[in-house]
Amino acid sequence: MYDRTRLDEWVALRRDLHAHPELGFEEHRTAGIVAERLAEAGYRVRCGLGQTGVVGSMTRGGGSRSILLRADMDALAMTECKGRSHGSTIDGKMHACGHDGHTVMLLAAAEKIAALDFDGTVHLVFQPAEEGRGGAAAMVADGLLDEFPADAAYGLHNMPDLPLGVIAAVEGPQLASSDSWEAAFRGVGSHGAKPHQGRDAVTAAGVFLGQLPGIVAREVDPLQSAVVSACALSAGDFAALNVIPAEVRVGGTARAYSAAMRDHLEEAIGRQAQGVASSWGIEADYRFIRRIPPVVNDPGPVAVARRAVVKALGGEALQTVFPPSTAGDDFAEFSARVPGAYVWLGMGPSVETGVHHSPRYDFNDACMSAGIEYWCAVVAEELGAK
Ligand SMILES: [Zn+2]
Ligand SMILES: [Zn+2]
């Protein structure tokens, strides 16, 4: 098990990061601490990749294999519940997803990995802006995988309600794609009492909204999963309830677990919008905005991850079945380019930790040693450390 005194220091750092949360692309303090610790541990450190991203890289021996381990650093724009000794010191910013814990576990592992006798290259990637702001894509666009080429990518996320210290390593889809769509219905505005003098975009948009759930209900294989939700709607003015507006805007999200399903949702939502518009004699402008792909685990790295769990934590710590999440994680930007394994680290009952993105959530420090040992074991399994 991990050294108790060192662990206390890492827990103190985790609580310090928790008290000083930074939003996506603003992680200057956090990135500074990360860069300093990596340099102290002997890593070649690259800062400023994807704005505030940091990479620590280390090569040992003559082996050509290289692997990427990812942690995320950003907090969320929300206010933490009061009363916690290490609670956020900034109103409107909070580590409500445990990225403070992810950052510290990989930093602690960095120190231990540096003392291992491995053969190959380890890239420790501390990414900014995981929470919907495109941090991973920014790092890739800045040349992450050219400067630090990798044969496999590993990610980890804490999970309330998975037993404490258990790691779920599962093949296939783990998190959904997360895309946005918008449809603007353009009719001809008119007097509310004389609809025949215009072309009613409001009624057309209502029909569209009524049809929308039919995409998942009737076009998606019942044994597969997808989500299409309308989440925003704007039209007209409550100060003018006798005016039919010319335009209605509708927007929402679409989630899928495969590239094919993603393509299908893009086409189907647009088809419904255009079809309804044409049947009502109006126009529709449709946009599907691709944000992040699904996280789909590759069998190769998953097998490595499973061996790492068993070696580091024992067979009882490994869970091989766990349901995918309809949330997204832009770790997908890495695992879409390099075979990847994204695992879930159990934090114990959510009645104690809170659920992700809730004001009372907190990373459970009791799972930290398991995460650290897991990371070290992945390097040992991948690069033959003794
Ligand atoms: Zn989150
Ligand atoms: Zn998260």
(message) Restricting to region 233-248, name every residue that is over 12 Å from Ala205 (Cα atoms) and either open to solvent by 60 Å² or more (accessible area, probe 1.4 Å) or of a type in the set (A, V, I, L, M) (or both).
(response) Asp237, Phe238, Ala239, Ala240, Leu241, Asn242, Val243, Ile244
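Among Gly155, Gly172, Gly165, Gly192, which is the only one that is within 23 Å of Glu333 (Cβ to Cβ) and away from ligand 2 (no atom under 16 Å from the Cβ)?
Working: Gly155 fails: away from ligand 2 (no atom under 16 Å from the Cβ); Gly165 fails: within 23 Å of Glu333 (Cβ to Cβ); Gly192 fails: within 23 Å of Glu333 (Cβ to Cβ).
On inspection, the qualifying residue turns out to be Gly172.
Among the residues of region 64-85, count how many are open to solvent by less than 20 Å² (accessible area, probe 1.4 Å) and assigned to a loop (DSSP other than H, G, I, E, B).
If we filter region 64-85 for residues that are open to solvent by less than 20 Å² (accessible area, probe 1.4 Å), which is where we start, we get 66-75, 80.
If we keep only those that are assigned to a loop (DSSP other than H, G, I, E, B) as well, we get 73-75, 80.
Matching residues across region 64-85 total 4.
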(request) Could you run through region 79-112 and say how many residues are within 16 Å of ligand 2 (Cβ to nearest atom) and of a type outside the set (Gly, Ala, Ser)? (result) 12
(request) Go through (1) buried (at least 21 other Cβ atoms within 10 Å of the Cβ); (2) in a helix (DSSP H, G or I) one by one and return the number of the condition Trp181 breaks. (result) (2)
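Looking at Gly132, Gly206 in this structure, which one is within 16 Å of ligand 1 (Cβ to nearest atom) and either under 17 Å from the mean Cα position of the chain (by Cα) or free of Cβ contacts under 8 Å to residues at least 60 places away in the same chain (or both)? It would help to see each step written out before you state the result.
Numbers: Gly206 fails: within 16 Å of ligand 1 (Cβ to nearest atom).
Among Gly132, Gly206, only Gly132 is within 16 Å of ligand 1 (Cβ to nearest atom) and either under 17 Å from the mean Cα position of the chain (by Cα) or free of Cβ contacts under 8 Å to residues at least 60 places away in the same chain (or both).
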(request) Could you pull out the residue among Ala284, Ala308 that is away from ligand 1 (no atom under 16 Å from the Cβ) and either part of a strand (DSSP E or B) or in contact with a Cys (Cβ under 7 Å, 6 or more places away or on another chain) (or both)? (result) Ala284
(message) Against the definition (more than 14 Å from ligand 1 (Cβ to nearest atom), in the same structural domain as Glu26 (by TED's automatic domain parsing) and crowded, with 24+ Cβ neighbours inside 10 Å), how does Leu164 come out, yes or no?
(response) no
(message) Could you check region 243-262 and list, in sequence order, the residues that are without any contact (Cβ under 8 Å) to a residue 60 or more places away in the chain, of a type in the set (A, V, I, L, M, F, W, C) and within 29 Å of His196 (Cβ to Cβ)?
(response) Val243, Ile244
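Which of the residues that make up region 353-371 are touching a Leu at 6+ places or on another chain (Cβ under 8 Å) and aliphatic (A, V, I, L, M)?
First, pick out the residues of region 353-371 that are touching a Leu at 6+ places or on another chain (Cβ under 8 Å): 357, 364, 366-371.
Passing the criteria: Ala366, Met368, Ala370.
So that you can scan it fast, the table gives a plain yes or no per residue for (1) touching a residue at least 24 places away in the same chain (Cβ under 8 Å); (2) farther than 21 Å from Gln127 by Cα; (3) crowded, with 24+ Cβ neighbours inside 10 Å:
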position	(1), (2), (3)
Gly328	yes, no, no
Val351	no, yes, no
Ala366	yes, yes, no
Ser369	yes, yes, no
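Does at least one position in region 97-114 carry a residue that is among the hydrophobic types (A, V, I, L, M, F, W, C), open to solvent by 10 Å² or more (accessible area, probe 1.4 Å) and assigned to a helix (DSSP H, G or I)? Spell out how you get there, then give the answer.
Restricting attention to region 97-114, the residues satisfying the condition of being among the hydrophobic types (A, V, I, L, M, F, W, C) are 97, 104-110, 113-114.
Add one more test, that the residue is open to solvent by 10 Å² or more (accessible area, probe 1.4 Å), and what stays is 97, 114.
Those left that are additionally assigned to a helix (DSSP H, G or I): 114.
Yes, because at least one residue in region 97-114 is among the hydrophobic types (A, V, I, L, M, F, W, C), open to solvent by 10 Å² or more (accessible area, probe 1.4 Å) and assigned to a helix (DSSP H, G or I).
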(message) Looking at (1) more than 16 Å from ligand 2 (Cβ to nearest atom); (2) more than 30 Å from Gly384 (Cβ to Cβ); (3) open to solvent by less than 70 Å² (accessible area, probe 1.4 Å), which one does Asp8 not meet, given that it meets all the others?
(response) (3)
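The values are calculated or read from the model by the stated rules, or taken from the named source; none is laboratory data. As the structure is a computational prediction, the values presented were derived from the model and not from experiment. Don't worry about glycine lacking a Cβ; one is built from the backbone with ideal geometry, like all the others, and counts go over all protein chains shown. Each accessible area value is taken on the protein alone, full model and side chains, heavy atoms only, with ligands, DNA and RNA left out. Shrake-Rupley method; radii C 1.70, N 1.55, O 1.52, S 1.80 Å.
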